[in-house]
1. Arrange the following residues from fewest to most other Cβ atoms within 10 Å of their Cβ: His432, His406.
2. Got a sec to turn the phi values of segment 316-329 into Karplus ³J(HN,Hα) couplings, 6.51 cos²θ - 1.76 cosθ + 1.60 with θ = phi - 60°, whole Hz, x for Gly and Pro?
3. Given the Cα-Cα distance of Met269 and Ala399 and 0.36 nm per residue of separation, how much length would full extension add, in nm?
4. What is the order of Arg27, Arg260, Arg122, fewest Cβ neighbours within 10 Å to most?
5. Would you work out the Kirkwood radius for segment 152-373? I mean one over the mean of 1/r across all pairs of different Cα atoms, in Å.
6. R0 = 41 Å: FRET efficiency of Arg427 with Trp246, Cβ-based, nearest 0.05?
7. Using +1 at the Cβ of each Lys and Arg and -1 at the Cβ of each Asp and Glu in segment 152-373, identify which of Ala198, Phe159, Gly332 lies farthest towards the dipole's positive end.
8. Would you mind checking Lys388/Lys430; Lys53/Lys86; Lys52/Lys143; Lys53/Lys143 for any pair whose Cα atoms are more than 23 angstrom apart?
Amino acid sequence: GMVALGHTHSTLAERAFSENLGITDGRLSVLALAPRSIISYLWFILRLLWPKKISLSQLPLSLGLIQSDRIFLEAPRGTEYLLDGKPVHATEIEFRVLEQRLRLLPGPALLPRQDGRKSSDRETVRLNHIPVDEAARSLTGRKLPLFTHAGEEDYRELFVTLRDNATASSTFQVLMVLSVLLALTGLYANSAPVIIGAMVLAPLMSPVVSLAMGLARTEPGMIQGSLRTLAIGVVWGLACGIVLAWIMPLEIPTAEMEARMSPTLLDLMVAVVSGIAGAYAHAKEDIAKGLAGVAIAVALVPPLSVAGIGLGWADWGMAGGALLLLITNLVGIALAGSATFLVLGFAPFKRARTGLGVTLLIMGVISAPLYIAFERMVEKDWILEQIKEQIPAGELELAGIPVSVHDIRVTLSEPHLVRVVLSSPQRLDKTHVDELKSLISERIERPVLLEAQLNIRR
């Protein structure tokens, strides 16, 4: 629609702009509103209500400005407007500013401001936010979509890049092997910086983002190519992990390995945020794609490496937990990336419905064990909190002897296993351990198995 701005502040549109329109500049000011979606229209309404004024030189999206002494509008299908309060239908409307047709005796409010600025007689046309040509024709006569649809020129180059990323090139395979070997070294050395280096090096972000676009647009070729590339990368990762596990004379999981063996809903949240970051960075050329690559690789390379180690050690629990984390992150990243491309307008919802539905189904299946693991984590945290409240400042008296309690750990089982370290200047025995066990059991209202390390502090 089009709105002519008056020289008062009686309407919301007139009050929203920072510049005052001069009554003596001899120009008509018209705003052209052309939202591409319902979301962009609602965003424009919120912008009008925002306390900060809108500058005519920096118009928000969906808004254009025309300032001229003559404006001609043509509507092939005709349009309705009011003339002296009566509805009129016309296919052509012309607005013209006529000079010296009215003589006024202005008051102070209408006198030209003496601020050193001169009125411009040039036309102002700012329509870079208004859809034209093919984009305008695609929106004419149709209901506005919920999200903005990107034009072909907006994603042509992106599609070419994503199709190339969906292929398992020799460069991809070399980087995959190197990143997994680096991650394996960091896992065995229990070194977080080395693992982070492997995350930066990993090329897995490229096929995952391509898979997200393929799901959003239901492109079978892109989906198959991305899945094939991911499968090759996973095979390389598992093979390297198995071989190194056979060679390395270490068979005790480190803390970094154990951190990837028990996935929860928090890991799914990490995957979702990573998927949004990866898709958004690829859609926006002014954002460094490497930043999103780090965010996505952080959720894929370490669990893949741990799964390979577990298979090499024949530790099926370790391998299963790491593979569950890997699948969780792959599905979460793909789903979040697809939804992000959908919101950015790279695919209509009807086209993306099938791919998103299948991904949601898979996510629902894997969310069940993640939810159970998350509940167990919450229960463990609650037990630890109750024990620490029972032992303020880590000090208490057991059978009349001051005891320091520290390094408390809980393992959920039947009954729950609580491990503690007790330190005292005097000798501790079974009596003190039994009293502490009773205190903990009464606090959490369930039986526990207490394993205590007794130290004498001198």
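No value in this document is a laboratory result; all are computed from the given coordinates. Here the structure is a predicted model, which is why all the values come from computation and not from measurement. Methodologically, a virtual Cβ is constructed for each residue, glycine included, from the backbone with ideal geometry; neighbour enumeration extends over all protein chains shown.
1. In increasing order of surrounding Cβ atoms, one gets His406, His432.
2. 5, x, 5, 5, x, x, 5, 5, 4, 5, 4, 5, 4, 5
3. Using 0.36 nm per residue and subtracting the Cα-Cα distance, I get 42.1 nm.
4. Ordered from fewest to most neighbouring Cβ atoms within 10 Å, Arg27, Arg260, Arg122 come out as Arg122, Arg27, Arg260.
5. After inverting the mean inverse Cα-Cα distance, the result is 17.3 Å.
6. E(calc), rounded to 0.05, equals 0.30.
7. Sorting the options by dipole projection puts first Phe159.
8. Lys53/Lys86; Lys52/Lys143; Lys53/Lys143
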